[in-house]
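Notes follow the structure.
The values are calculated or read from the model by the stated rules, or taken from the named source; none is laboratory data. Please read all numbers here as calculations on a predicted model, not as lab measurements. Reconstructed Cβ throughout: ideal geometry from the backbone, glycine too, with neighbour counts over all protein chains shown.
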Protein chains: 2
Amino acid sequence: MTIDEIFCCYIKNMPFKFEITHRSSESNARLGKIDTPHGRIETPAFIPVGTQATVKSLTPEELCGLGVQIILGNTYHLYLRPGHDVIGKLGGLHRFMHWDRPILTDSGGYQVFSLARLRKISDEGVTFQSHLDGSSHLLTPEKTIEIQEALGSDIMMCLDECTPYPATRAESRSSLELSIDWARRCKESRSAEGSALFGIVQGSMFEDLRARGVEALTNIGFDGYALGGLSVGAPKELMLSLAAFTLPLLPDSLPKYVMGVGYPEDLVELVSLGADMFDCVIPTRNARNGQLFVRTGTLNICNARYQDDNAPVEEGCPCYTCRHYSRAYLRHLFMAKELLACRLNTIHNVHYFMALMSNMREAVRLGRFELFKKEFYSQRAC
Amino acid sequence: MTIDEIFCCYIKNMPFKFEITHRSSESNARLGKIDTPHGRIETPAFIPVGTQATVKSLTPEELCGLGVQIILGNTYHLYLRPGHDVIGKLGGLHRFMHWDRPILTDSGGYQVFSLARLRKISDEGVTFQSHLDGSSHLLTPEKTIEIQEALGSDIMMCLDECTPYPATRAESRSSLELSIDWARRCKESRSAEGSALFGIVQGSMFEDLRARGVEALTNIGFDGYALGGLSVGAPKELMLSLAAFTLPLLPDSLPKYVMGVGYPEDLVELVSLGADMFDCVIPTRNARNGQLFVRTGTLNICNARYQDDNAPVEEGCPCYTCRHYSRAYLRHLFMAKELLACRLNTIHNVHYFMALMSNMREAVRLGRFELFKKEFYSQRAC
């Protein structure tokens, strides 16, 4: 972390505010600062996912040490277990999980559509059965705001229908209109001061629908805007071309957040296109599956070639894992299904993603983002 | 940790040596120091188990922070995976797992008898099939020393047959004689300088056989003596009465180690009887099963009563877990099967055991061990 980044952690109790401090002259990349009630975030920022009130296997102190500025909490999971009422009663999600930096919460919509059973969508909201115990629930725009406010979120997201891919134009259109209506109701029902509410632009792979989404949501007016539905199976080129089309349509002065993305290459491309925020399970989930991110790409620690390899995951990497452990040890832990394997792998991957973002911010700051991109790609072993 | 204990960690490269510094006038409890090539251990000491080159879920730094002075590595597991040859080639177990304090290794015998399949015992050793892949192996006294020396153990244990409970006198007698013969061969085959080799007294529940074991092993001569077979199912009273009989027979000037024990009450009683060392999976395994040790006994974190309990596991406990997390959060993590649950529970339990041992040492030092025992039992909610 830079001194600026360390300082950011001490700026608390600020209302939500976004400020752009540098712009790349070679691309749409920009450097900014988001103030939230729980401190400042330097953008472009990557948000590790803490689904069930924990970034799997790590403590908050470890996350801070890795330079994590903000984490994501999943409304669907926390609503079902332990319940937003319980968390609210105990002082909110920050206190519950001992994390005092910013938290962004999703609306729960994505998990309702991807995890829950027997979904029934109406104008009112979506009825679903819990994947945990089959109990029936109704998630509405008003309900997701109630939950996110009980959790004490710093950045709340509107309920949307994440349009599946592929979808016809007609399906995408009606899905978009539903999301727009829900977004309006989310804004109307919010009551918390200080925290932010972001709108989510859907529209599947249709540029005119994406433009329609931007127009409708900006007319309602939010504190920031997200692109949804870009990580649901479309080819990478299509995803990037849609982001390239839509990102410039969003208000320049507000944060632009691409949800559910992605791999390091995606982040580099999307920062280049002007995106400010990202969240994804890739660094953490892939770590638990033994995939480790390095300059040249990835390595899978279960590979037999690492059995007696005394080198660290990445030579010169300053993360805790690389400073103290060999690939041979990490492979052993992974093969033996040891809990420490998840931890050490996660530490390395989160460090990789945080360093990538920090390096991109530094490149924008110094006006050499294109040079950064060139070096980034030159190191990849394709 | 006391200043003395912190200082201990910096005394390295000493050959094995045991010194008694205080004796309780009210019991057989004694305070001592064991020097090893990887530093000093204050006794009585509890040894957390690091089966597969890791104390499950924790880093070495966390173990040090908890006051752990020495850990146990399981020869059977490490021989099968990743292999003592691999660990030896990579610089030994300490370097492999990034732990620079003392390591005690068992002989592998206990796991051969409890985990492996198709065992066949002969005078030569024991043939067994790996529980991992069914491969066939022969463990002999010479082999266990070869493995433990390759691992770089500070305290090695002799191969013994852990006599099952119950066993007839005849079975126990022949099992004891086999263990004595194997112990002799272990001593003859050792080559490492500096590290220690302990003999293990078997003899099941027969006092005369235990006495015979002590006599035979002390005639061979070891650096310390362990009582084996006390944690294999005998009633607690019988276990304690056998320990009370056997411990005083062991050489007063050498460490006395009770293997595989135990619960806090067992440790208090056995320290009182003059035992200096213990190892057990109870603090770590029970943590992963949600059982947490507190002054009054135990609490099971999955209990519904903790769902919205904002109190720490134990009021006033200075461990990381109790300083930052509520029972409600720990219950949530446990119910959600989160990896962090294992970690936070293990931290608390290891802290409990380390604090218990430290308090017992302090009580012996100050000549008030009986007062300590009285207070310990008065807090239990029986």
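Scanning the range B:58-98 for residues that are β-branched (Val, Ile, Thr), within 12 Å of another protein chain (Cβ to nearest Cβ), closer than 25 Å to B:Ile34 by Cα and in contact with an Asp or Glu (Cβ under 7 Å, 6 or more places away or on another chain) yields nothing.
If a residue has to be at positive phi and buried (at least 23 other Cβ atoms within 10 Å of the Cβ) to count, how many in the range B:55-98 make the cut?
1
Might you let me know whether the range B:99-120 holds any residue that is part of a helix (DSSP H, G or I), at the interface with chain A (Cβ under 9 Å from one of its Cβ atoms) and either at pLDDT 95 or above or surrounded by fewer than 24 Cβ atoms within 10 Å (Cβ to Cβ) (or both)? Checked the range B:99-120: no residue is part of a helix (DSSP H, G or I), at the interface with chain A (Cβ under 9 Å from one of its Cβ atoms) and either at pLDDT 95 or above or surrounded by fewer than 24 Cβ atoms within 10 Å (Cβ to Cβ) (or both).
Regarding the range B:9-24, can at least one residue be identified that is assigned to a loop (DSSP other than H, G, I, E, B), aromatic (Phe, Trp, Tyr), touching a residue at least 12 places away in the same chain (Cβ under 8 Å) and more than 13 Å from chain A (Cβ to nearest Cβ)? Within the range B:9-24 (the criterion being assigned to a loop (DSSP other than H, G, I, E, B), aromatic (Phe, Trp, Tyr), touching a residue at least 12 places away in the same chain (Cβ under 8 Å) and more than 13 Å from chain A (Cβ to nearest Cβ)), the answer is yes, since at least one residue qualifies.
With respect to A:Glu215, is the statement that it is of a type outside the set (Phe, Trp, Tyr), more than 22 Å from A:Ile20 (Cα to Cα), out of contact with any Ser or Thr (no Cβ under 8 Å at 6 or more places or on another chain) and assigned by TED's automatic domain parsing to the domain that holds A:Pro48 true? Yes: the conditions hold for A:Glu215.
Taking the conditions exactly as written (crowded, with 20+ Cβ neighbours inside 10 Å, within 29 Å of A:Met239 (Cβ to Cβ) and in contact with an Asp or Glu (Cβ under 9 Å, 6 or more places away or on another chain)), does A:Tyr352 satisfy them or not? Considered against the rule, which asks whether it is crowded, with 20+ Cβ neighbours inside 10 Å, within 29 Å of A:Met239 (Cβ to Cβ) and in contact with an Asp or Glu (Cβ under 9 Å, 6 or more places away or on another chain), A:Tyr352 comes out as yes. Among the candidates A:Thr168, A:Thr163, A:Thr140, A:Thr144, the residue that is at pLDDT below 95 and of a type outside the set (Lys, Arg) is uniquely A:Thr163. Across the range A:308-332, which residue is farthest from A:Phe46 (Cα to Cα) among those that are surrounded by 16 or more Cβ atoms within 10 Å (Cβ to Cβ) and polar (S, T, N, Q)? Selected residue: A:Ser326.
Quick check on B:Leu366: is it closer than 23 Å to B:Tyr263 by Cβ and either touching a residue at least 40 places away in the same chain (Cβ under 8 Å) or away from every other protein chain (no Cβ under 11 Å) (or both)? Here the answer is no, as B:Leu366 does not meet what is asked.
Inside the range B:121-144, can you point out the residues that are of a type outside the set (A, V, I, L, M) and in a strand (DSSP E or B)? Scanning the range B:121-144 gives B:Thr127, B:Phe128, B:Gln129, B:Ser136, B:His137. Only one entry in B:Asp252, B:Asp309 is at pLDDT 95 or above and touching a Lys or Arg at 6+ places or on another chain (Cβ under 7 Å), namely B:Asp309. Total residues in the range A:145-166 satisfying the condition of being crowded, with 19+ Cβ neighbours inside 10 Å and not in a helix (DSSP H, G or I): the figure is 12. Is it the case that B:Lys17 is surrounded by fewer than 20 Cβ atoms within 10 Å (Cβ to Cβ), at pLDDT 95 or above and over 17 Å from B:Ser358 (Cα atoms)? Yes, satisfied. Kindly evaluate B:Gly290 against the criterion of being modelled with pLDDT of 95 or more, away from chain A (no Cβ under 11 Å), under 25 Å from B:Leu72 (Cα atoms) and surrounded by fewer than 22 Cβ atoms within 10 Å (Cβ to Cβ). Yes. Within the range B:307-316, the presence of a residue that is away from every other protein chain (no Cβ under 13 Å), under 21 Å from B:Leu267 (Cβ atoms) and touching a residue at least 40 places away in the same chain (Cβ under 8 Å) is excluded. Filtering A:Arg343, A:Arg327 for residues that are within 14 Å of chain B (Cβ to nearest Cβ), over 26 Å from A:Ala29 (Cβ atoms), touching a residue at least 60 places away in the same chain (Cβ under 8 Å) and not aliphatic (A, V, I, L, M) leaves a single hit, A:Arg343.
I'd like the residue in the range A:32-52 that is among the polar types (S, T, N, Q) and over 15 Å from A:Met259 (Cα atoms) and, out of all such residues, is surrounded by the fewest Cβ atoms within 10 Å (Cβ to Cβ). Restricting to residues being among the polar types (S, T, N, Q) and over 15 Å from A:Met259 (Cα atoms), the top hit is A:Gln52. Checking the stated criteria, A:Leu104 turns out to be of a type outside the set (Ser, Thr, Tyr) and within 23 Å of A:Met14 (Cα to Cα).
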